[in-house]
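Everything on this sheet refers to the single structure shown next.
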Amino acid sequence: MAQRSFPPYRADHVGSLLRPSYLHSAREKFAAGELSAEALRETEDRAVREVVAMQEDIGLSTATDGEFRRSTWHMDFIYKLDGISASDSTMSVRFHNEAGDIEFAPSATRIDGRIRLGEPIFGEDFAYLASQVSTATPKLTMPSPSMVHYRGGPAAISPEVYPDIERFWDDLSAAYAEQIRAMGARGCKYLQLDDTSLAYLNDPAQRAQLAERGDDAEHQHLRNIKQMNAALAARPADMAVTTHMCRGNFRSSWVAEGGYEFVAEAVFNELDVDGFFLEFDDERSGGFAPLRFVPENKVVVLGLVTTKRGELESKDALKRRIEEATEYIDIDQLCLSPQCGFASTQEGNALDYEQQVAKLRLIVETAREVWGD
């Protein structure tokens, strides 16, 4: 066993990080018309410089920009695709936590034009991130194509634009393929497609909701795999691609529950990625048994360190859980990370900066002790 020279790394993380208070303040001033776009970008640049330095200082082999230029992990990307816009109506999403429920009512999505990539999304953002790293591999995170469909379902797709649903899927995958090609041309060697749908579909309640709106809930994961593979088919040979499968992450709350068993065999064997970031921080995520389906050429990044609470896990507990996972998968196919991002939306989770850094440092130290330098 040894440290990995190709992503995903033994000590890795999902992507989003807590925004500093001065960035929150700058965003508020910009929204109120009190700060120019140029001044906001300068503030974002400062925040990205500082967070990249933090990641490298604690020994991570990869660095993200923390998603600091986004409001949410997915919609800032999706709305930049031609043909997709926010509707006047809202959708209701119920998140859960130990204290109760949170109702989240984002704008509903509508697909009222042919889906195209007008220009590379996050191109300048990635270029700046790449310019700031010294020792780490810059990682770009973006929502998977599945999220465009999962957000609104069939009702969000204009029948005038797409009388044939297959044309929708073809256009969506083609736009993503062009995005991935363009980012590869800009030097991206590490891409992560974030996908809540593949994790949500393990929850019978979520499948029931999809069936009610007209989706084939029992087979939706197979469609999502097909379209993700189409988007990835022409990716650069030197680009590592992972996917993060999450059950919801908003202000330390979640949406879905259940282990990975329903999608595991198909996802692990058919999805053409190098690794899977999987959350395993509590009972909501089920056990490690689905890992028996992971083929020998793929890697699993165990999300054992929660981002939903500030209390620090113990190294011994993490090592025991890694050992438990090896009942189903070889230890050389495993890595370690937080279970999700620390701030999938700009609000962030219920912990502070020092707690975030402590958790990332714990992951680095534990990985070194388990897999060596």
What per residue convex hull volume, in Å³, do the alpha-carbon atoms of the range 210-368 yield? 136
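So between ALA31 and ALA237, what do we pick up on full extension, going 0.36 nm a residue minus the alpha carbon distance?
70.1 nm
To the nearest 20 debye, what is the magnitude of the charge dipole of the chain about its Cα centre, counting +1 on the Cβ of each Lys and Arg and -1 on the Cβ of each Asp and Glu? Please list the in-between numbers first.
Working: 40 positive and 61 negative charges, 92 e Å.
Approximately 440 debye in magnitude.
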Please give the calculated 222 nm ellipticity per residue for the chain, where each DSSP H segment of at least 4 residues contributes -39500 (n - 2.57) and the sum is spread over every residue; nearest 500 deg cm²/dmol? -11500 deg cm²/dmol
The percentage of the accessible area of the chain (probe 1.4 Å, all protein chains present) made up of carbon and sulfur atoms, to the nearest whole number, is 47
Whole-number percent relative contact order across the range 265-364, with pairs defined as alpha carbons under 8 Å at least 6 apart: 32
Put +1 on the Cβ of every Lys and Arg and -1 on every Asp and Glu Cβ in the range 1-50; which of SER16, LEU35, SER5 then has its Cα farthest towards the positive end of the dipole? SER5
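Taking 0.36 nm per residue of separation and subtracting the Cα-Cα distance, what length does fully extending GLU166 through ALA2 add? Present the calculation step by step, with values, prior to reporting the outcome.
Details: separation 164, 0.36 × 164 = 59.04 nm, distance 4.45 nm.
Gain on extension, GLU166 to ALA2, equals 54.6 nm.
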Measure off 7 Å from each Cα along the Cα-to-Cβ vector at ARG186 and ARG213, then give the distance between these two points in nanometres to one decimal. 2.9
Checking rank on 237-245, 182-190, with mean other Cβ inside 10 Å and highest first, the result is 237-245, 182-190
Just subtract the alpha-carbon distance of ASP272 and SER71 from 0.36 nm times their residue separation and send over the number in nm, one decimal. 69.5 nm
Mind jotting down the distance between the C-alpha centroids of the range 354-373 and the range 217-282, whole Å? 25
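How do the peptides 275-287, 352-364 rank, highest first, by the average count of neighbouring beta carbon atoms within 10 Å per residue?
On the way: 275-287: 20.9, 352-364: 18.3.
Output ranking for 275-287, 352-364: 275-287, 352-364.
In the structure displayed, which of LYS319/LYS359; LYS189/LYS359; LYS308/LYS359; LYS80/LYS298; LYS226/LYS298; LYS298/LYS359 lie more than 22 Å apart, Cα to Cα?
On the way: LYS319/LYS359 15 Å; LYS189/LYS359 25 Å; LYS308/LYS359 11 Å; LYS80/LYS298 31 Å; LYS226/LYS298 18 Å; LYS298/LYS359 25 Å.
From the list (LYS319/LYS359; LYS189/LYS359; LYS308/LYS359; LYS80/LYS298; LYS226/LYS298; LYS298/LYS359), the Cα-Cα distance tops 22 Å for LYS189/LYS359; LYS80/LYS298; LYS298/LYS359.
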Of the peptides 116-123, 315-322, 11-18, how do they stack up when ordered by the mean number of other Cβ atoms within 10 Å, highest first? 11-18, 116-123, 315-322
Can you find, among ALA26, SER197, LEU271, the residue sitting farthest towards the positive end of the charge dipole of the chain, where Lys and Arg contribute +1 and Asp and Glu -1 at Cβ? ALA26
Okay, which of the range 349-373 sit inside 17 Å, backbone N to the point 7 Å along the Cα-Cβ direction of TYR22? 353-354
Amide N of the range 315-334 lying under 17 Å from the label point, which is placed 7 angstrom from the Cα of ARG292 along Cα→Cβ: 324-331
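The values are calculated or read from the model by the stated rules, or taken from the named source; none is laboratory data. Since this is a predicted model, take the numbers as computed values, not measurements. Cβ: placed from backbone, ideal geometry, glycine included. Neighbour counts: every protein chain shown. Note: areas computed on protein heavy atoms with side chains; ligands, DNA, RNA excluded. Shrake-Rupley method; radii C 1.70, N 1.55, O 1.52, S 1.80 Å.
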